[in-house]
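Structure first, commentary second.
What follows is calculated from the coordinates using simple rules that are stated; it is not laboratory data. Please read all numbers here as calculations on a predicted model, not as lab measurements. Don't worry about glycine lacking a Cβ; one is built from the backbone with ideal geometry, like all the others, and counts go over all protein chains shown.
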Amino acid sequence: MTDDDTKESTFLVTHADGDSAVLKDVHDGQVHTLASNPGVEVDDAIEGEVSPDPPMEVSWQLTEIEERRSLSIEESEEPPTQQERQLAADQPVGELTREPRAGIGEIHVLTVPEDGTGEAVADVIDDREGTLSRAARLGVNRVEVRSEPGVVSIRYLP
């Protein structure tokens, strides 16, 4: 093993059991199966370093953890904010606008057909891996989905 084989990045834990874990690099999508589980859990974001596990180097080991945080996604009872409603009003159906939040995170506003709002919310929540990968990339801990007919806001929050 050489230093070139070591990879430092942000990873999402997509599978974990007592014997192993699977990490997905949230920047390039590469999947790393760990030879053992160093105590991580599904939906953890790990900023750290992985290296091939000797001697065959077909699995990986988490050699350094700089930061570990648990990620969550939830549907909120709250409606979209006035700002989010305005963003939706200014864009056609099917469009997505990304806005930085004050501080850390982003807000994504999606305009959908009014009768498709529930389905759009379900799609965001069901795409757990994709949604939480974005959260890990943005350095936040939780995702809150708000909606009202025709508008879905995905809030990436610290």
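Worth a mention:
- Amide proton proximity set for Ile73, modelled H, under 5 Å, gap of 5+: Val143
- Whole-Hz ³J(HN,Hα) from phi, Karplus 6.51 cos²θ - 1.76 cosθ + 1.60, for the range 42-57, glycine and proline x: 3, 6, 7, 9, 10, 9, x, 9, 10, 9, x, 8, x, x, 7, 6
- Under-5 Å amide H pairs with Trp60, H placed in peptide plane, nonlocal only: Thr33, Leu34, Ala35, Asp53
- Taking a point 7 Å out from the Cα of Ala35 in the direction of its Cβ, the residues of the range 61-80 whose backbone N falls within less than 15 Å of it are 61-64.
- Residues Lys24, Lys7 arranged by fewest to most Cβ contacts within 10 Å: Lys7, Lys24
- Annotation for Thr81 and Arg137: the two label points, set 7 Å from Cα along the Cα-Cβ direction, are 2.2 nm apart.
- Net charge over other residues, Cβ less than 15 angstrom from the Cβ of Gly29 (K, R count +1; D, E count -1): 0
- The chain, relative contact order in percent, only Cα pairs under 8 angstrom and at least six apart counted: 20 percent
- Mean separation of Cα contacts under 8 Å, 6 or more apart, over the residue count of the range 72-157: relative contact order %: 40 percent
- Under the Karplus curve 6.51 cos²θ - 1.76 cosθ + 1.60, θ = phi - 60°, whole-Hz ³J(HN,Hα) for the range 21-36, x wherever Gly or Pro sits: 8, 10, 10, 10, 5, 6, 9, 10, x, 5, 9, 10, 8, 7, 5, 8
- Each other residue within a Cβ distance under 10 Å of Gly48 adds +1 if Lys or Arg and -1 if Asp or Glu, for a net charge of -4.
- Global size of the range 19-106 as Cα Rg and Dmax, reported in angstrom: 19.0, 58
- Sequence-ordered 3J(HN,Hα) estimates for the range 75-90 from the Karplus curve with 6.51, -1.76 and 1.60 and θ = phi - 60° stand at 8, 8, 6, 6, x, x, 6, 4, 4, 5, 4, 5, 4, 5, 5, 8 Hz, glycine and proline given as x.
- A crude spin-label estimate for the pair Asp126 and Glu99, with each label 7 Å from Cα along the Cβ direction, gives 2.9 nm.
- Cα pair distances in the chain, grouped into 5 Å bins until the bin that holds the longest one, percent each: 2, 9, 17, 18, 15, 11, 10, 8, 5, 3, 1, 0
- For the range 72-157, diffusion coefficient by Stokes-Einstein and Kirkwood Rh (Cα), 25 °C, 0.890 mPa s, µm²/s: 194 µm²/s
- Cα centroid of the range 20-81 to Cα centroid of the range 128-148, whole Å: 15 Å
- The angle separating the long axis of helix 117-126 from the principal Cα axis of greatest extent in the chain is about 10 degrees.
- Ordered by the number of other Cβ atoms lying within 10 Å of each residue's own Cβ, fewest first, Arg128, Arg155 fall into the sequence Arg128, Arg155.
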